[in-house]
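Q: Sharing a structure with you now.
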Amino acid sequence: MESYLNQNFDVKAKHSSEEALEKWRNLCGVVKNPKRRFRFTANLSKRYEAAAMRRTNQEKLRIAVLVSKAAFQFISGVAPSDYTVPEEVKAAGFDICADELGSIVESHDVKKLKFHGGVDGLAGKLKASPTEGLSTDAAHLSQRQDLFGINKFAESELKSFWVFVWEALQDMTLMILGVCAFVSLIVGIATEGWPKGSHDGLGIVASILLVVFVTATSDYRQSLQFRDLDKEKKKITVQVTRSGFRQKLSIYDLLPGDIVHLAIGDQVPADGLFLSGFSVVIDESSLTGESEPVMVNAQNPFLLSGTKVQDGSCKMLITTVGMRTQWGKLMATLTEGGDDETPLQVKLNGVATIIGKIGLFFAVVTFAVLVQGMFMRKLSTGTHWIWSGDEALELLEYFAIAVTIVVVAVPEGLPLAVTLSLAFAMKKMMNDKALVRHLAACETMGSATTICSDKTGTLTTNHMTVVKSCICMNVQDIANKGSSLQSEIPESALKLLIQSIFNNTGGEVVVNKHGKTEILGTPTETAILELGLSLGGNFQEERKSYKVIKVEPFNSTKKRMGVVIELPEGGSLRAHTKGASEIVLAACDKVVNSSGEVVPLDEESIKYLNVTINEFANEALRTLCLAYMDLENGFSPDEAIPASGFTCVGIVGIKDPVRPGVKESVELCRRAGITVRMVTGDNINTAKAIARECGILTDDGIAIEGPVFREKSQEELLELIPKIQVMARSSPMDKHTLVKQLRTTFDEVVAVTGDGTNDAPALHEADIGLAMGIAGTEVAKESADVIILDDNFSTIVTVAKWGRSVYINIQKFVQFQLTVNVVALIVNFSSACLTGDAPLTAVQLLWVNMIMDTLGALALATEPPNNELMKRLPVGRRGNFITNAMWRNILGQSVYQFIVIWFLQAKGKSMFGLDGPDSTLMLNTLIFNCFVFCQVFNEISSREMEEIDVFKGILDNYVFVVVIGATVFFQIIIIEFLGTFASTTPLTIVQWIFSIIIGFLGMPIAAGLKMIPV
């Protein structure tokens, strides 16, 4: 079975081809209810629609760019636009409407933009200030929203409960049973009168309705859980200026006229225009499919919603929001496309198909045998041409039994149990600070064998402070010095240092609406800016004093950032750079000495500074070097900032403490067979110090630098990679290479953490991409499968635990359901063949189907994880889903149940002294009761596939206890009070005790089976 499934029902957890998704759908035979079975699978037709829309966008934008280029040449000779402002817009105090704004940006219409007075003119017409932003007055914002719309995309409406009821009724076998029930009612009432003749038909109708409502309730609850998670996925905040203050705002609250601050890695939240900024490069591939990035500046100011900032930073003016944007229309189609189905869903669809075909064969043979038996009886009595109403009803009952065998045999609940388990796990993981973006990540994480983790913010707290410095060649302990440090730095050097700190930064010092000073930016930038403030610097004055000519933002390839400013005295230019200490120091040929003078950097000074860097790093401090350079030969903004010839101002050591609980989590991973590797851009000594503190770097492991790793041959990598525990000074491509090698060459299941834009390739390549919720950019989150909301490594371990729980819970459910399938099939089939009668009626089989399907999934697929899960080795990439241990348990239980039922059929009447006209009914009721109690106790045994103690933690899962309790309660009701509908008769206390004992005996047998090695 496993090889058949791997050949035909095998899809990847990520990036499956459309052909693979189509293939398994075409192979799915014997589907009782396609609407329900394929509800949580991708809608391929909607995906093709979205792809076509992307191609249209690409063509539109290509034409728009060509037209705008042509417009530049003719713009001066064109007559003014004949645009007239609609009356309602005028009445509201605006001079431009939403449609006109939309057409300017979407069509890249330079001509229209010019006619409206450029970006500043449009801001005026929108009554928005490019510096102060919109007013926070609620009435003003509400009026603007009514006129220009909200920044939300049209979503499919939530289906009501009755839609799920209707979809549950689409089950082909239930429809056939419904027809059987209707015919049974007509024939029964015609032959036996009302109400006696209606019992069989009404019994089947009641069973069908019970199955439908229980199924619909379960499906409806699931859909609500997915809806809640979908809302969480779409929560994105951006930096906005309103009423002169910078603040974080949800993208859903944005309105035309808002001033938004974008940085590298951000997603453009709505259509708009570039106001000011540097080196802005936009990736439009998500909207157009075009991989070539686009430069955005004053000449090409158009920014489209849904595109990503690949480089640079800027301020933008929002012009168009929500469904008026191309992204809004595309998203509406994309969301209907749905998530890819998970590998387990597909695999279990395969299992359901195989067993469904076997069940269909058995059902047809059972019906044929029963009908043949009936004909033989009639032939022997010579009444084969004479048919009574009772005989017609008997024939109908045979047909209903055959259909019900199909109901029981086709385990439609298998693929749906995966979704139920995943929905449950995703909801609980949300409470544990992990937001799952792709369903498949839940189950894949359970198989993870390697975690490649960032250092900063994941293993450490990301609360950074400068604790040591080496400014003007003097090493100082800032943590103890405080503000007295500035008196020890020469005035000229202090001025240079403050100039470097406040101008060469991606952060900002602002005054918030409460009048307090607030530092915005990454934790590293915040630490440096705090140092600048403690040295007596004033951020706003410093920024006003110098004109910024060029900015090169930090990126993890260069490991540094730079800025060129124009000095007020004489208009000369100066470049400042800041970044990885050894890289920036290597670009320096001069240094500021203890007297504040610039002197050449000799061998002794270089050695002194390198020793200082290593000392700081060995104390687990992150080191940065600050340097400057006077550009005496002039500089053009189109040029790159020089890579050498700098003067070193100083080195700072930043402390970022290890998170509490990380060491224990790393140890837990090691016991669980998961290797943790640290991949960081930091200095190798800093990385090693932190890795030792976390327990990642052991005596037999090695730490390597990215540039060294890059130079290794494939043969060397084969020997090296298993030993690598720390990779320092790594570039994004080093990380990508490591992940690819681990996945392909070593067949590992790899989870990777990332927060920056450049981490996207590694997150995309990994089996499970984990993005940081706090420090992560939107680009990283978009490429990830799970977002770690608190940026904590311990949460990653929790995700692994939940992943294992999902995988094992589904295995438990599959084991339980296949046992019921096998026994129900064989009992009815063999009984029909040998005695010409089936002991389990249609109504009884429908009840059994509900126990094993919806209720069984609820009980077993929602078991919460326990710490024992992390003591097992991971399944890995090649593990069989239906293991030998599962087959052992399924076959052992099936044989026991089959023997018990056959024994009762053969010896039951004499054993309990049953005779008289009701003896067969009494025996069949007893068989049905024993069969159900076997399933109840087997469900308890299925809680553990290998462990003998199945009661451990049973009360922690209240769903399980409720399901077992409800099953027993309704079984009593069916036997004692619903006999006329369910073809049962009340049992004696001895028979009840016997049924329970027979069911309970399955538990010691299950325990004995677990001792058999496989």
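Q: Does any residue in the range 362-374 that is closer than 14 Å to Ile405 by Cα and in contact (Cβ under 8 Å) with a residue 12 or more places away in the chain come within less than 9 Å, Cβ to Cβ, of a residue that is open to solvent by 30 Å² or more (accessible area, probe 1.4 Å) and outside any helix (DSSP H, G or I) six or more places away or on a different chain, and which pairs are these?
A: What qualifies is Leu370/Asp837.
Q: Also: Could you say whether any residue in the range 991-998 is more than 25 Å from Tyr896 (Cβ to Cβ), touching a residue at least 12 places away in the same chain (Cβ under 8 Å) and among the aromatic types (Phe, Trp, Tyr)?
A: No, because not a single residue in the range 991-998 is more than 25 Å from Tyr896 (Cβ to Cβ), touching a residue at least 12 places away in the same chain (Cβ under 8 Å) and among the aromatic types (Phe, Trp, Tyr).
Q: Output yes when any residue across the range 477-489 is assigned by the TED database to the domain that holds Asp638 and within 22 Å of Asp266 (Cα to Cα), and no when none is.
A: No, there is no match, as no residue in the range 477-489 is assigned by the TED database to the domain that holds Asp638 and within 22 Å of Asp266 (Cα to Cα).
Q: Among the residues of the range 105-143, which ones are assigned to a helix (DSSP H, G or I), open to solvent by less than 50 Å² (accessible area, probe 1.4 Å) and of a type in the set (Asp, Glu)?
A: Passing the criteria: only Glu106.
Q: Shifting gears a bit: I'd like the full set of residues that are surrounded by fewer than 21 Cβ atoms within 10 Å (Cβ to Cβ) and either without any contact (Cβ under 8 Å) to a residue 60 or more places away in the chain or more than 21 Å from Leu873 (Cβ to Cβ) (or both), limited to the range 738-772.
A: Lys740, Gln741, Arg743, Thr744, Thr745, Phe746, Pro761, His764
Q: Look through the range 557-577, keep the residues that are open to solvent by 10 Å² or more (accessible area, probe 1.4 Å) and within 29 Å of Gly681 (Cα to Cα), and return whichever of them is farthest from the chain's Cα centre (by Cα).
A: Looking at residues that are open to solvent by 10 Å² or more (accessible area, probe 1.4 Å) and within 29 Å of Gly681 (Cα to Cα), I get Arg574.
Q: Which ones in the range 911-953 are in contact with a helix residue (DSSP H, G or I) (Cβ under 7 Å, 6 or more places away or on another chain), at pLDDT below 90 and small (Gly, Ala, Ser)?
A: The one that is in contact with a helix residue (DSSP H, G or I) (Cβ under 7 Å, 6 or more places away or on another chain), at pLDDT below 90 and small (Gly, Ala, Ser): Ser919.
Q: Which of the residues that make up the range 773-805 are hydroxyl-bearing (Ser, Thr, Tyr), in contact with a helix residue (DSSP H, G or I) (Cβ under 7 Å, 6 or more places away or on another chain), within 19 Å of Ile674 (Cα to Cα) and open to solvent by 10 Å² or more (accessible area, probe 1.4 Å)?
A: Ser794
Q: Take Tyr608 and decide whether it is closer than 27 Å to Leu496 by Cα and either charged (D, E, K, R) or in contact with a Ser or Thr (Cβ under 6 Å, 6 or more places away or on another chain) (or both).
A: It is false that Tyr608 is closer than 27 Å to Leu496 by Cα and either charged (D, E, K, R) or in contact with a Ser or Thr (Cβ under 6 Å, 6 or more places away or on another chain) (or both).
Q: Being outside any helix (DSSP H, G or I) and open to solvent by 30 Å² or more (accessible area, probe 1.4 Å): is that true of Glu863 here?
A: It is false that Glu863 is outside any helix (DSSP H, G or I) and open to solvent by 30 Å² or more (accessible area, probe 1.4 Å).
Q: Contact list please: Cβ distance under 7 Å, first residue in the range 716-731 and in contact (Cβ under 8 Å) with a residue 40 or more places away in the chain and open to solvent by 10 Å² or more (accessible area, probe 1.4 Å), second residue charged (D, E, K, R) and not in a loop (DSSP other than H, G, I, E, B), pairs at least six apart or on different chains.
A: Every condition considered, the pairs that remain are Gln725/Arg677; Arg729/Glu705.
Q: Determine if the range 81-94 includes at least one residue that is modelled with pLDDT under 75 and either within 30 Å of Ala784 (Cβ to Cβ) or of a type outside the set (D, E, K, R) (or both).
A: yes
Q: Taking the residues in the range 517-540 that are polar (S, T, N, Q) and more than 11 Å from Thr505 (Cβ to Cβ) as candidates, determine which candidate is least open to solvent (accessible area, probe 1.4 Å).
A: Ser534
Q: I would also like to ask the following. So in the range 310-342, with the set limited to residues that are at pLDDT 90 or above and among the β-branched types (Val, Ile, Thr), which one is nearest to Ser17 (Cα to Cα)?
A: The selected residue is Val321.
Q: When you go through (1) open to solvent by less than 10 Å² (accessible area, probe 1.4 Å); (2) without any contact (Cβ under 8 Å) to a residue 24 or more places away in the chain one by one for Phe813, which number turns out not to apply?
A: Every condition holds for Phe813 apart from (2).
Q: How many of the residues making up the range 184-201 are open to solvent by 60 Å² or more (accessible area, probe 1.4 Å) and assigned to a helix (DSSP H, G or I)?
A: 7
Q: So, one more: Write out, first by first residue and then by second, each pair whose Cβ atoms fall under 6 Å of each other, whose residues are 6+ apart or on separate chains, and whose first residue, in the range 589-618, is assigned by the TED database to the domain that holds Gly645 and part of a helix (DSSP H, G or I) while the second is modelled with pLDDT of 95 or more and among the polar types (S, T, N, Q).
A: Nothing qualifies.
Q: Testing Trp385 on (1) open to solvent by 20 Å² or more (accessible area, probe 1.4 Å); (2) of a type outside the set (Val, Ile, Thr); (3) in a helix (DSSP H, G or I), one condition comes back false. Which one is that?
A: In the conditions (1) open to solvent by 20 Å² or more (accessible area, probe 1.4 Å); (2) of a type outside the set (Val, Ile, Thr); (3) in a helix (DSSP H, G or I), Trp385 misses (3) alone.
Q: For residues that are of a type in the set (Phe, Trp, Tyr) and in a strand (DSSP E or B), scanning just the range 619-646, find the one that is least open to solvent (accessible area, probe 1.4 Å).
A: In this case the residue turns out to be Phe646.
Q: So which residues in the range 783-831 are in contact with a His (Cβ under 8 Å, 6 or more places away or on another chain) and part of a helix (DSSP H, G or I), if there are any at all?
A: Ser783
Q: I'm trying to understand the selection: among the residues of the range 562-613, which are basic (Lys, Arg) and either in contact with a strand residue (DSSP E or B) (Cβ under 8 Å, 6 or more places away or on another chain) or modelled with pLDDT of 95 or more (or both)?
A: Across the range 562-613, the qualifying residues are Arg574, Lys578, Lys590.
Q: Might you check whether a residue that is β-branched (Val, Ile, Thr), part of a helix (DSSP H, G or I) and touching a helix residue (DSSP H, G or I) at 6+ places or on another chain (Cβ under 6 Å) occurs anywhere in the range 83-104?
A: For the range 83-104, residues β-branched (Val, Ile, Thr), part of a helix (DSSP H, G or I) and touching a helix residue (DSSP H, G or I) at 6+ places or on another chain (Cβ under 6 Å): present.
Q: Out of the residues in the range 832-844 that are part of a helix (DSSP H, G or I) and buried (at least 24 other Cβ atoms within 10 Å of the Cβ), state the one that is modelled with the highest pLDDT.
A: Gln844
Q: Answer yes if at least one residue in the range 170-180 is in a loop (DSSP other than H, G, I, E, B), touching a residue at least 40 places away in the same chain (Cβ under 8 Å) and crowded, with 16+ Cβ neighbours inside 10 Å, and no otherwise.
A: Yes, the conditions are met somewhere in the range 170-180.
Q: Looking only at the range 144-160, how many residues end up being surrounded by 15 or more Cβ atoms within 10 Å (Cβ to Cβ) and not in a loop (DSSP other than H, G, I, E, B)?
A: 4
Q: Restricting the search to the range 949-1004, which residues are among the hydroxyl-bearing types (Ser, Thr, Tyr), part of a helix (DSSP H, G or I) and open to solvent by less than 20 Å² (accessible area, probe 1.4 Å)?
A: Thr967, Ser995
Q: For residues that are within 23 Å of Leu262 (Cα to Cα) and among the β-branched types (Val, Ile, Thr), scanning just the range 474-516, find the one that is surrounded by the fewest Cβ atoms within 10 Å (Cβ to Cβ).
A: Here the answer is Val511.
Q: Counting only residues that are of a type in the set (Val, Ile, Thr), give me the helices (runs of 4 or more DSSP H) lying completely in the range 466-574 with at least 2 of them.
A: 491-503, 523-534
Q: Which condition does Glu290 not pass, out of (1) of a type outside the set (Phe, Trp, Tyr); (2) at pLDDT below 80; (3) touching a Gly at 6+ places or on another chain (Cβ under 6 Å), if it passes all the others?
A: Every condition holds for Glu290 apart from (3).
The values are calculated or read from the model by the stated rules, or taken from the named source; none is laboratory data. Please read all numbers here as calculations on a predicted model, not as lab measurements. Cβ sites come from the backbone with ideal geometry, for glycine too, and all protein chains shown count toward neighbours. Please note that ligands, DNA and RNA were not included when accessible areas were found on the heavy atoms of the full protein model with its side chains. Shrake-Rupley method; radii C 1.70, N 1.55, O 1.52, S 1.80 Å.
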